[in-house]
Structures are given as structure tokens and as C-alpha cells.
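The values are calculated or read from the model by the stated rules, or taken from the named source; none is laboratory data. Remember, predicted model here, so these are calculated numbers, not experimental data. Backbone-built Cβ (ideal geometry, glycine too); neighbour counts: all protein chains shown.
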């Protein structure tokens, strides 16, 4: 028997272009990846093999195939792009992507410093091979980027060909759009949204409080990233008001006993 509940928000259906859930795989085994897909694939859109873990992951091809067979977009973390870039091996990186059949690329500069025009040039180049996700923000907690600069960078990267811009937070959710405590830099987020379309931003939000903030601000079809694999189902329940944190978010108070 299916569950029939009124007053649930409508989630965009897969394959979707907004309301995305991007999950960070930091080292799941092949069997764990299979179990993850069995449990959660209807609620996942993109799987990131975090930072440089792809290089040291056993049975990498098999795991990528598990994700792709389940309809996931798969990509390597931006740190791996930066590792190739700093060694002047970008063409080697493109060859790796082709070899593994990776059709999403993250272009980032969170660990290294490159002129932004050069970064946009890499974005434009990479669109020849794949869909580009570009990350804005530094992994250095002491490097505070003012709101106008976030907007300027995001606009330029979307114009260069990025499908989405990712708002940096690291896997811990304590830099970039967040303070060191994990608290959202609300003024920054709201100023970004005055200039950048919400459907073109993936907000890294590994912590529940961060996810809740964006659900309340934007709605159930906000794009969220860096979600731990074991928290996807809980997030999906929260998206549609079936967790205590969002229980009353979508209710019509006049029609509730």
C-alpha cells in the first residue's frame, strides 16, 4: 500500500536539473557502493569521488560503472584537477577522464591560486569534453571573499560554460559560505541570490543545520552537495517535510487539526 499524504511539496523528477542531491563518496567499497545505490539511487543525482580519492580507490572502474548503471553522473573531486594543473598535466587529466568515461568535470582553485581569467579558460576548454561544475571559494578558512567578488566569480564561470557553480564548504562544512563553527554566512548567501539564479548553484551542505537553512530559504528543490551517503534518505525526508525540522514547513495551518 502506498503512502497517501496531502500537503507534501512536489519534488522535481529524475533526471532533474534542479533539486539536485550531490553525494560525496570518500572511499566506499564496491559492495558499499552497490548497497548505497540500492538504498538511495532515486534520491541521488550526482556522485563525487571526493578530492583525490579516485587515485587510490581499488576497483575504481567497477565502482564507476555501478554508479553510471544506476543513472548517476560521476566525477572526480576538484582537488584532483588541481593536482594535475599544478604539475602542468591538464592534457593527461583529460586523457584520464576519457579513459574512465567520466562526463562531468569539476574545475576548482580551492587549494591553489590561479588567475581567474585562466580558470575560466580551463572551464571553456573542458566543456569540449564534459559538463563542467566549477567551484567558487577557498579551502583556506582565513581567505575571506567578499560577497561582490563571489557574485563576480560565479557570473564569469557560468558565462565561461559551467553548468553549475558550487559554493565551497569542504567536506566538513566549515569554510567558504560557512563560518568555522559551521554557521551559514547568511548575508553572503542572500546577496549571492540577488544576482545568481538559485537553480545554477549547488550549495555544499554536509551538516543537517546547513541543509535545513537552504530548504527553508529556497525550498525543497534546492541543489545541495557534499551529502554523506548514509544521510541521503534522511535528507530526502527533510526535503518534503517528513522530519521534525521541516514538519510544519509546508503545512497549510488552516487545514491541519
_Just to be sure I understand, how many residues within the range 108-152 are part of a strand (DSSP E or B), surrounded by fewer than 21 Cβ atoms within 10 Å (Cβ to Cβ) and touching a helix residue (DSSP H, G or I) at 6+ places or on another chain (Cβ under 8 Å)?_
0
*Could we say that residue 155 is in contact with a helix residue (DSSP H, G or I) (Cβ under 9 Å, 6 or more places away or on another chain) and over 16 Å from residue 51 (Cα atoms) here?*
no
*Single residue of the range 209-225 satisfying the filter (part of a helix (DSSP H, G or I) and either in contact with a strand residue (DSSP E or B) (Cβ under 7 Å, 6 or more places away or on another chain) or touching a residue at least 40 places away in the same chain (Cβ under 8 Å) (or both)) that is farthest from residue 248 (Cα to Cα)*: 210
*Residue under evaluation residue 197, criteria (1) surrounded by 14 or more Cβ atoms within 10 Å (Cβ to Cβ); (2) more than 22 Å from residue 24 (Cα to Cα), criterion not met*: (1)
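Residues are listed down the side, and each one gets a yes or a no for (1) touching a strand residue (DSSP E or B) at 6+ places or on another chain (Cβ under 6 Å); (2) surrounded by 12 or more Cβ atoms within 10 Å (Cβ to Cβ); (3) under 19 Å from residue 240 (Cβ atoms):
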site	(1), (2), (3)
5	no, no, yes
13	no, no, yes
24	yes, yes, no
32	no, yes, no
*Being at pLDDT 95 or above and either in a loop (DSSP other than H, G, I, E, B) or within 27 Å of residue 118 (Cβ to Cβ) (or both) narrows it down to one of 157, 231, so name that one.*
157
*Look through the range 169-199, keep the residues that are touching a helix residue (DSSP H, G or I) at 6+ places or on another chain (Cβ under 6 Å) and modelled with pLDDT of 95 or more, and return whichever of them is farthest from residue 147 (Cα to Cα).*
198
